[in-house]
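The values are calculated or read from the model by the stated rules, or taken from the named source; none is laboratory data. Because the structure is a prediction, the values reported are computed rather than measured. Counting neighbours? That spans all protein chains shown, and the Cβs are built from the backbone with ideal geometry, glycine included.
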Amino acid sequence: MARQLSGDPDRLVLIGGRSHPAFTEATAAALGIAPSPVRLRTFSDGAIEAKLEVNVRGRDVYIVQSGQANPNDHLMELCFMIDAARRASARSISAILPYFPYGKGDKKDEPRVSIRARVVADILEVTGVDRVLTIDLHAGQLQGFFRVPVDNLYALPVFAVEAERLIAAGEIAAPVFVSPDAGRAKLSRDYSRRLGSIGAGVAIGDKVRPTQDEASEVTAVLGAVAGRDCIIVDDIIFTGGTLCNMAQAVVDSGARSVRAMVTHGLLTAGAASAIGRSPLVEVVVTDSVPMPADPVPRVRQITLAPLFAQAIRSIHDETSISRLFE
């Protein structure tokens, strides 16, 4: 049941773009409010128009927009909503980005390439955003691209509850949390610490990318996985190649079963068939992005809306948000 806002509830305005209307509705429901109307149109030449259909003068505006599938259109739509709120004299404007567009473009890993995430940060700041709320950025240091506050939530608490449910149901026992590469090793250790009372373990994959595309190879699994129920933890799935390669490597190392818990399930072309051919029992993703129109077997979605609602409530009530990172 949604808890009432302790701050002035009439000062809070929640609107959403067209990227993920279901998430906007779910977040509003968790806050105990209704999303405010906004008119969004795409003209015949592809140009986008945004008009807020509620008075926002002196009010705090929270704009929900994810960045999947058509990130260019979603980003421009977000910018136009921010600009509309700023020109309508909003007291503050917060961008709620369940999936940050161009988040993987956080570094210059080849000559003469753009650091795309930095460009997105600059665009949002110039447009007039006062705060950004997101979850599981591909690289945490992306927060430093902004000069405005950025709250990068963690899906770990939500997934940890799901892991505890699987353990209580007898579907897994004393799991090993597996990171697909060294860059995610801290994440698997965080899961192990969170569930340390049931003897959770940690393993790490040795992953390499021979080329600059999305393909990868897993050369080894570091850690004891033989006879154990393994859960691969990661931030994002595109085609599913890395995840499925990791799952096969874990099974080849003697694991009893293998699942995955991944925050952003973009599940682009080929992901469904890759997961279907893999040894993965199931893949649990969040609703940071919508599920594909065509069902993907063995993929199950859990919601982040209550977590985002708690964060919005803390921002609006001007209370500490740090408890959500524990």
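Scanning segment 117-136 for residues that are more than 25 Å from ALA90 (Cα to Cα) and without any contact (Cβ under 8 Å) to a residue 40 or more places away in the chain returns ALA117, ARG118. When segment 276-306 is filtered for residues that are outside any strand (DSSP E or B) and either of a type in the set (Ser, Thr, Tyr) or over 22 Å from ALA155 (Cα atoms) (or both), the ones remaining, listed by number, are GLY276, ARG277, SER278, PRO279, SER288, ALA293, ASP294, PRO295, PRO297, THR303. Taking (1) assigned by TED's automatic domain parsing to the domain that holds ALA249; (2) surrounded by 14 or more Cβ atoms within 10 Å (Cβ to Cβ) in turn, ALA173 satisfies each apart from (2).
Residue count for segment 233-265 under the criterion of being within 18 Å of the chain's Cα centre (by Cα) and at positive phi: the result is 1. Quick one: in segment 237-268, which of the residues that are in contact with a Ser or Thr (Cβ under 7 Å, 6 or more places away or on another chain) and surrounded by fewer than 24 Cβ atoms within 10 Å (Cβ to Cβ) is farthest from GLY223 (Cα to Cα)? Taking the candidates together, the pick is THR268.
Considering (1) surrounded by 18 or more Cβ atoms within 10 Å (Cβ to Cβ); (2) closer than 26 Å to CYS244 by Cβ; (3) at pLDDT below 95, the lone condition that PHE159 does not fulfil carries the number (3).
Say whether the condition of being modelled with pLDDT under 95, of a type outside the set (Val, Ile, Thr) and surrounded by 23 or more Cβ atoms within 10 Å (Cβ to Cβ) is met by at least one residue in segment 67-80. Yes: segment 67-80 contains one or more residues that are modelled with pLDDT under 95, of a type outside the set (Val, Ile, Thr) and surrounded by 23 or more Cβ atoms within 10 Å (Cβ to Cβ). Just one of the listed residues (ALA85, ALA69, ALA95) is under 23 Å from the mean Cα position of the chain (by Cα) and closer than 18 Å to ILE312 by Cα, namely ALA95. Of all the residues in segment 196-225, those that are modelled with pLDDT under 90 and surrounded by fewer than 18 Cβ atoms within 10 Å (Cβ to Cβ) number 16. Within segment 188-198, the set of residues being part of a helix (DSSP H, G or I) and either touching a residue at least 24 places away in the same chain (Cβ under 8 Å) or touching a Gly at 6+ places or on another chain (Cβ under 9 Å) (or both) comprises SER188, ASP190, TYR191, SER192, ARG194, ILE198.
I'd like to check something: does segment 177-187 contain any residue that is in contact with a Gly (Cβ under 9 Å, 6 or more places away or on another chain), more than 25 Å from PRO292 (Cα to Cα), at pLDDT 95 or above and not assigned by TED's automatic domain parsing to the domain that holds ALA139? Looking for residues that are in contact with a Gly (Cβ under 9 Å, 6 or more places away or on another chain), more than 25 Å from PRO292 (Cα to Cα), at pLDDT 95 or above and not assigned by TED's automatic domain parsing to the domain that holds ALA139, one finds at least one in segment 177-187, hence yes. Beta carbons closer than 7 Å, at least 6 apart along the sequence or on distinct chains, pair a first residue in segment 20-49 that is not assigned by TED's automatic domain parsing to the domain that holds ALA293 with a second that is charged (D, E, K, R) and surrounded by 15 or more Cβ atoms within 10 Å (Cβ to Cβ) for PHE23/ASP287; LEU31/ARG313; PRO35/GLU25; LEU40/ARG18; LEU40/GLU77; ILE48/ASP73; ILE48/GLU77. Go through (1) more than 19 Å from the chain's Cα centre (by Cα); (2) outside the structural domain of GLY103 (by TED's automatic domain parsing); (3) at pLDDT 95 or above; (4) closer than 22 Å to GLU25 by Cβ and name the single condition CYS230 misses. Evaluating CYS230 over (1) more than 19 Å from the chain's Cα centre (by Cα); (2) outside the structural domain of GLY103 (by TED's automatic domain parsing); (3) at pLDDT 95 or above; (4) closer than 22 Å to GLU25 by Cβ leaves (4) as the failure. Does SER314 satisfy the condition of being assigned to a helix (DSSP H, G or I) and surrounded by fewer than 16 Cβ atoms within 10 Å (Cβ to Cβ)? In short, no.
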